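Visitor: Right, I'll just put the structure down here and ask away after.
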Amino acid sequence: MSEPSFSASFRCSEGCDFRAALTEVVYRCPRCQGLLEVEHDVAALARRSPDEWKALFDQRFRRGAWPLGSGVWGKKEWVYPELALGNVVSMYEGGSPLLRLDGYARELGLDDVWLKECGVTHSGSFKDLGMTVLVSAVKEMRARGKPIRAVACASTGDTSAALASYCAAAGIPSVVLLPRGKISIAQLVQPISNGALVLELDTDFDGCMKVVQELSAAPDIYLANSMNSLRIEGQKTLSVELVQQLDWTVPDWIVIPGGNLGNASAVGRGFQLMMQLGLVDRLPRLVVAQAQKANPLYRAVAAAGGSPRAGLAVASIAAERTLASAIQIGAPVSARRALRALEALDGIVEQASEQELADAAARADRHGAYACPHTGVALAALEKLASRGVVRKGQRAVVISTAHGLKFSDFKVGYHEQRLGEVAARLGNPSMQVPATLGAVQDAIARRFPAAPGGAR
Ligand SMILES: *Cc1c(COP(=O)(O)O)cnc(C)c1O
Ligand SMILES: [Zn+2]
């Protein structure tokens, strides 16, 4: 079979005509300083029918020849078509569970709520989806003689974990800049274990971001933050994958937590490309949920009357400390991209207080989930929209879970032991200390689960 040839390149996302090859070291448009996006030859992609694409993606999903079983690389033609397969650096990312939360849905008065568990993956967060593309691109650049000494990022914890892991797998040096004392211990130990140069800075994420941008002005330090649009290309496969898992049907709502707002933009791009190529015939509505303590997008949209529009100015704020530490960001790099996605997907921006996010995570956990605080922000947004009657019974909602709950044990333990300061653990379930006797254990069981009247003894 003769393969159609597919191609992609960088293009200025602000509409000027700057273009560059994906093998160039460039993050912003040199003419207008706008962010770049990856532009695909959509006409070439459209020469394959929607059914052919679906069959191809289904055939590769989680099986077969390395690395095409990866959720990202199984869709390589839509991500980075010209990358040499030998330069792909994969940890078998994507293919994460999509599970139905029936009990939780019922508690909210809904009947069709799903959790896309992007944190059930190699480094424990959705960041793997983008990092596999970025590090593969670096491997390709180095193979072509680009003198890249190291890859660097600022991080609220998960980007650095993903970067360090993929770089270690590829044998490429990595440098991570972290806000000291503002990430979880699990997140800190990941890049340490993978051999990154781990630098803890006495500032917040926005402060780390400033330093890393200055650092990567040097051509041999490659910038791995999500202003780098290669990551967005990998993350957009999450939209394709979840539609694929729903037998190529589109949910009514996608609810996603937002910090730097790259992932919300990526989800929008994934749906828009599926629409352009005819794999779906409608778009879901997009809900971006922010922590109330770090809510620059929410504020901007609220000030403009509540409906997100492309081009709306998003003023930077000083983000306050939040349990949702991975989205404690006051100057979101991808705000303009996210607003374009929100406008295209008839979006809503919501926010969640510390109490709301902690309770929502605990509520979902009671129904079997194990939600990280950021997923808690998205769940809380869904709860608020359900109680206002915006999301209704009969509609299908997919909540994007961004990290594995196991990365945030302090948050979990703190909640159940009533140690989260301003948060009252309404759904707290602290363990009990009991004497090591049968009687004491039986008493504890009887108090918690009284025997049903007339039930078996
Ligand atoms: C990075 C991250 C986010 C935010 O994603 P953005 O693309 O920065 O909006 C949310 N949750 C977790 C767990 C993350 O690591
Ligand atoms: Zn430009």
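Visitor: Which of the strands (runs of 3 or more DSSP E) found entirely inside the stretch 93-167 contain at least 2 residues meeting this: on the phi < 0 side of the Ramachandran plot, out of contact with any Gly (no Cβ under 8 Å at 6 or more places or on another chain) and surrounded by fewer than 18 Cβ atoms within 10 Å (Cβ to Cβ)?
Guide: Working: elements: 98-100, 113-117, 150-154.
Those strands (runs of 3 or more DSSP E) span 98-100.
Visitor: Looking at the stretch 288-298, can you tell me whether even one residue there is away from ligand 2 (no atom under 16 Å from the Cβ), within 21 Å of S160 (Cβ to Cβ) and basic (K, R)?
Guide: At the first step, the residues of the stretch 288-298 found to be away from ligand 2 (no atom under 16 Å from the Cβ) are 288-298.
Cutting the leftovers down to within 21 Å of S160 (Cβ to Cβ) gives us 291, 294.
With the extra rule that they be basic (K, R), the set shrinks to none.
No - not one qualifying residue is present in the stretch 288-298.
Visitor: Quick check on the stretch 319-333. Is at least one of its residues within 16 Å of ligand 2 (Cβ to nearest atom), in contact (Cβ under 8 Å) with a residue 60 or more places away in the chain and either under 25 Å from G207 (Cα atoms) or surrounded by fewer than 16 Cβ atoms within 10 Å (Cβ to Cβ) (or both)?
Guide: First, the residues of the stretch 319-333 that are within 16 Å of ligand 2 (Cβ to nearest atom): 333.
So of that shortlist, the ones also in contact (Cβ under 8 Å) with a residue 60 or more places away in the chain come out as 333.
Narrowing further to those that are either under 25 Å from G207 (Cα atoms) or surrounded by fewer than 16 Cβ atoms within 10 Å (Cβ to Cβ) (or both): 333.
Yes, there is a match, as at least one residue in the stretch 319-333 is within 16 Å of ligand 2 (Cβ to nearest atom), in contact (Cβ under 8 Å) with a residue 60 or more places away in the chain and either under 25 Å from G207 (Cα atoms) or surrounded by fewer than 16 Cβ atoms within 10 Å (Cβ to Cβ) (or both).
Visitor: Further, regarding this structure: For the structure I just gave you, tell me whether S353 is among the polar types (S, T, N, Q) and buried (at least 24 other Cβ atoms within 10 Å of the Cβ). Please lay out each step first, then the result.
Guide: Numbers: among the polar types (S, T, N, Q): yes; buried (at least 24 other Cβ atoms within 10 Å of the Cβ): no.
Answer is no for this residue.
Visitor: Further, regarding this structure: Step by step: first the residues of the stretch 204-226, then only those that are outside any helix (DSSP H, G or I) and out of contact with any strand residue (DSSP E or B) (no Cβ under 6 Å at 6 or more places or on another chain), then the one that is nearest to N260 (Cα to Cα). Which residue is that? It would help to see each step written out before you state the result.
Guide: Step one: of the stretch 204-226, the residues outside any helix (DSSP H, G or I) are 204, 216-226.
Within this subset, residues satisfying the condition of being out of contact with any strand residue (DSSP E or B) (no Cβ under 6 Å at 6 or more places or on another chain) are 217-220, 223, 226.
On the way: A217: 21, A218: 23, P219: 24, D220: 25, L223: 15, S226: 8 Å.
It comes out as S226.
Visitor: Which condition number does I256 fail, the rest of (1) part of a helix (DSSP H, G or I); (2) touching a residue at least 24 places away in the same chain (Cβ under 8 Å); (3) of a type outside the set (D, E) being met?
Guide: (1)
Visitor: If we keep just the residues of the stretch 398-415 that are out of contact with any Cys (no Cβ under 9 Å at 6 or more places or on another chain) and hydroxyl-bearing (S, T, Y), which is surrounded by the most Cβ atoms within 10 Å (Cβ to Cβ)?
Guide: Result: Y415.
Visitor: Could you look through the stretch 285-313, keep only residues that are part of a loop (DSSP other than H, G, I, E, B) and buried (at least 21 other Cβ atoms within 10 Å of the Cβ), and pick out the one that is farthest from ligand 1 (Cβ to nearest atom)?
Guide: So in the stretch 285-313, the residues part of a loop (DSSP other than H, G, I, E, B) come out as 295, 304-313.
Cutting the leftovers down to buried (at least 21 other Cβ atoms within 10 Å of the Cβ) gives us 295, 308.
Values: N295: 12, P308: 15 Å.
Top of the filtered list is P308.
Visitor: For R62, state whether it is among the basic types (K, R), surrounded by 15 or more Cβ atoms within 10 Å (Cβ to Cβ) and either closer than 18 Å to K236 by Cα or within 16 Å of ligand 2 (Cβ to nearest atom) (or both). Outline the logic, then answer.
Guide: Working: among the basic types (K, R): yes; surrounded by 15 or more Cβ atoms within 10 Å (Cβ to Cβ): no; either closer than 18 Å to K236 by Cα or within 16 Å of ligand 2 (Cβ to nearest atom) (or both): yes.
Judged against the criteria, R62 is not a match.
Readers should treat all values here as calculations from the given coordinates under stated rules, not as data from a laboratory. All figures in this text were calculated on a predicted structure; none of them were measured in a lab. Every residue, glycine among them, receives a Cβ derived from its backbone with ideal geometry; neighbour counts consider all protein chains shown.
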